[in-house]
Amino acid sequence: MARKAKAKASEVTPEEKIKRLERKIERERKARVDAEAVIEEQSRRIHEANENLRLSNKDLEASNEELAKTMTQLTSAELQRKATAITLMVAVVLFIISEFAVEPVLERRVQSTYALVMGKLAILGLLLPTEIIVSRLLENQVTNADSINEEMYLNLLMSAYEDGIITDMERTILNSSRKQLGLSKKVAEDLEDKLKAMI
C-alpha cells in the first residue's frame, strides 16, 4: 500500500506541481498584502497616538505654566497683604507716638499758635519719611519670595522623583516651572543635587 501511495505521489504531473506552486505563491502574496495592511494600520494608529500625546503634552505644559503663574500671583498677593498690614501697624504706632508723646510736650512748651502749627508740621514731615522707610524695609523682608519659590520648585522636584526617574515630559514641566518661578538654572540644579543627596 505504501508503495502504491509513493507511486501515485510520484505520478503528479508538472502541470499540477505548477498549479500547487502558483496557489502557494498566491497564498504568500495574500498573506504579505494582509501583513502590509496590518502594518500600515498600526503605523497610522501609532502616528495618531503620537500626535495626541504631543497635543496632550502641549496642553499639559500650558496648564503647568498657568498653574505656576497662578501660584506666583497668589504668593505675591499674600506677601503684599502681609507687607500692607505691617505698613499699617507702623503708621498706627507712629501716629500714637506723635499724638500722645510728642504733641502734648509741644503744646505745653510752645505758647505761640504759629510756632505750634509749624512744630506739628515738622513732626509730620519727619514721621512720613520715617514711616515710608520703615515700611519699605519691612516690605522688602516680607516680600522676599526667593525662598518660597525655591521651596515650591523643590516640591515639584520631589513629585517628579517619586518613581526614581525624571521623564522628558517631567523635565519639560520642571524647566517651565523654573522659568515661571524666576529661578536660575544654577539654583534649580543646586536644588536638584540637594534632593538627590537626600534620596
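Each value in this text was obtained by applying a stated rule to the coordinates, not by laboratory testing. Keep in mind that what you see is a predicted model, and the values were worked out from it rather than measured. Positions of Cβ are backbone-derived with ideal geometry, glycine not excepted, and every protein chain shown enters the neighbour counts.
Take each of the peptides 49-62, 85-98, average the number of other beta-carbon atoms within 10 Å over its residues, and list them starting from the highest.
Details: 49-62: 11.2, 85-98: 14.1.
Highest to lowest by the protection proxy: 85-98, 49-62.
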If the convex hull is drawn through the Cα atoms of the stretch 145-199, its volume per residue in Å³: 67 Å³
Under Karplus coefficients 6.51, -1.76 and 1.60, residue-wise ³J(HN,Hα) of the stretch 172-187 in Hz, glycine/proline x: 4, 5, 4, 4, 5, 5, 4, 5, 5, 7, x, 9, 6, 4, 4, 4
